[in-house]
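The values are calculated or read from the model by the stated rules, or taken from the named source; none is laboratory data. Computed from a predicted structure; not experimentally measured. Heads up, the Cβs are rebuilt from the backbone with ideal geometry, glycines too, and the neighbour counts pull from every protein chain shown. All accessible areas refer to the heavy atoms of the entire protein, side chains included, with ligands and DNA or RNA removed. Shrake-Rupley method; radii C 1.70, N 1.55, O 1.52, S 1.80 Å.
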Amino acid sequence: MSHPESAYKKVTTHTIQKMKIAGEKISMITAYDYSFAKIFDAAGMDIILVGDSASNVMAGHVTTLPITLDQMIYHAQSVVRAHQRSLIVVDIPFGYYQSNSEIALASAIRIMKESGAHTVKLEGGEEVIDSIKKIVRAGVPVMGHLGLTPQSINKFGTYTVRATVEAEAEKLRNDALLLQEAGCFAIVLEKIPASLAKTVTESLSIPTIGIGAGADCDGQVLVMHDLLGINTDFTPRFLRKYLNLEEQINTAVKQYIQDVKTKNFPNETEQY
Ligand code: KIV
């Protein structure tokens, strides 16, 4: 079913603001390379996130911490080459914005200049407000990220649901308002109670994009490897798998191996 708002030829930060006002849900997915980004863009995805989850799903690291700015820019360049319509957001990786706002701005500018992406995303609330203000003042749109912030995994120790106690929920509500005041154009809410995400979403004029944050967010985001069933080890409650690609690829590749071994591939029509 297509929504009239989806007729937007190109999605910009203004478009997703209009979607919030119109009550049209915003779709977002991660991508890290040209080929998948091309499919997602052509399918009508509103936002493609070049997430630092590339550290996990592309490079095989246990956390998002090791990925570098150069590596994020490489992934972003590949995704941008596929761009026709979707808004492209790129994560500033761990270590490239936390120390001070000058470094944060320099990282954001490198991403924008070298990849051609449209916006950046960074994690955290009050502690990163100065950096967000500086980046926004330089003309770079910023997406915030609250709740479960994977770059801080060593501080929290687990990937469990965040803000289940009132003090944490209160901080998150305040942080969301601070991010909005600082000029963020949207905020990802990761793994928090649905009731809290609803309250935050209703308190903001900018859109919220949820992952494990319930149905009342203005949009939803999933990691492509999770929703396509490429990553079979990750089965949190919030994940809906739309394909079992790991199984399908396994079957196809086993068939190919067998065809090669049995001299069934290539056949006469598959050669010159
Ligand atoms: O890096 C990422 O994939 C993300 C999403 C989980 C929102 O930040």
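The table for this structure:
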{"quantity": "Qualifying residue in segment 213-235 (condition: touching a Leu at 6+ places or on another chain (Cβ under 9 Å), at negative phi and more than 16 Å from the ligand (Cβ to nearest atom))", "calculated": "no"}
{"quantity": "Enumeration of residues in segment 42-52 that are crowded, with 20+ Cβ neighbours inside 10 Å and not in a strand (DSSP E or B)", "calculated": "Met45, Asp46, Gly51, Asp52"}
{"quantity": "Residue in segment 214-227 that is at pLDDT 95 or above, touching a Phe, Trp or Tyr at 6+ places or on another chain (Cβ under 8 Å) and of a type in the set (Asp, Glu) present", "calculated": "yes"}
{"quantity": "Subset of segment 238-255 (residues that are within 15 Å of the ligand (Cβ to nearest atom) and either open to solvent by 50 Å² or more (accessible area, probe 1.4 Å) or part of a helix (DSSP H, G or I) (or both))", "calculated": "Phe238, Arg240"}
{"quantity": "In segment 198-229, the residues that are surrounded by 23 or more Cβ atoms within 10 Å (Cβ to Cβ), in a loop (DSSP other than H, G, I, E, B) and without any contact (Cβ under 8 Å) to a residue 60 or more places away in the chain", "calculated": "Cys217"}
{"quantity": "Residue that is surrounded by fewer than 22 Cβ atoms within 10 Å (Cβ to Cβ) and either away from the ligand (no atom under 14 Å from the Cβ) or of a type outside the set (D, E, K, R) (or both), where the choices are Ile129, Ile88, Ile92, Ile111", "calculated": "Ile129"}
{"quantity": "Verdict on Leu189 being under 17 Å from the mean Cα position of the chain (by Cα), under 20 Å from Met19 (Cα atoms), within 16 Å of the ligand (Cβ to nearest atom) and open to solvent by less than 10 Å² (accessible area, probe 1.4 Å)", "calculated": "yes"}
{"quantity": "Failed criterion for Ala169 (all others in (1) open to solvent by 10 Å² or more (accessible area, probe 1.4 Å); (2) more than 16 Å from the ligand (Cβ to nearest atom); (3) not in a loop (DSSP other than H, G, I, E, B) hold)", "calculated": "(1)"}
{"quantity": "Options Val57, Val80; residue that is touching a Gly at 6+ places or on another chain (Cβ under 6 Å) and open to solvent by 10 Å² or more (accessible area, probe 1.4 Å)", "calculated": "Val80"}
{"quantity": "Looking only at segment 193-212, and only at residues there that are of a type in the set (A, V, I, L, M, F, W, C) and within 26 Å of Met58 (Cβ to Cβ), the one that is nearest to the ligand (Cβ to nearest atom)", "calculated": "Ile211"}
{"quantity": "Identity of the residue in segment 23-41, hydroxyl-bearing (Ser, Thr, Tyr) and either under 22 Å from Gly214 (Cα atoms) or surrounded by 21 or more Cβ atoms within 10 Å (Cβ to Cβ) (or both), that ends up nearest to the chain's Cα centre (by Cα)", "calculated": "Thr30"}
{"quantity": "Filtered residue count, segment 53-65, keeping only those that are closer than 13 Å to His225 by Cα and near the ligand (Cβ under 10 Å from one of its atoms)", "calculated": "5"}
{"quantity": "Residue check for Thr269: open to solvent by less than 30 Å² (accessible area, probe 1.4 Å), among the polar types (S, T, N, Q) and part of a helix (DSSP H, G or I)", "calculated": "no"}
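Yes or no, residue by residue, for (1) closer than 14 Å to Gln151 by Cα; (2) touching a Gly at 6+ places or on another chain (Cβ under 8 Å); (3) within 12 Å of the ligand (Cβ to nearest atom):
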| residue | (1), (2), (3) |
| --- | --- |
| Ala43 | no, no, no |
| Ile67 | yes, no, yes |
| His75 | no, no, yes |
| Asn100 | no, no, no |
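Here's the yes/no breakdown for (1) out of contact with any His (no Cβ under 7 Å at 6 or more places or on another chain); (2) part of a helix (DSSP H, G or I); (3) not aliphatic (A, V, I, L, M):
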| residue | (1), (2), (3) |
| --- | --- |
| Ala104 | yes, yes, no |
| Ser107 | yes, yes, yes |
| Glu114 | yes, yes, yes |
| Ile129 | yes, yes, no |
| Ile135 | yes, yes, no |
| Ser152 | yes, yes, yes |
| Thr158 | yes, no, yes |
| Thr164 | yes, no, yes |
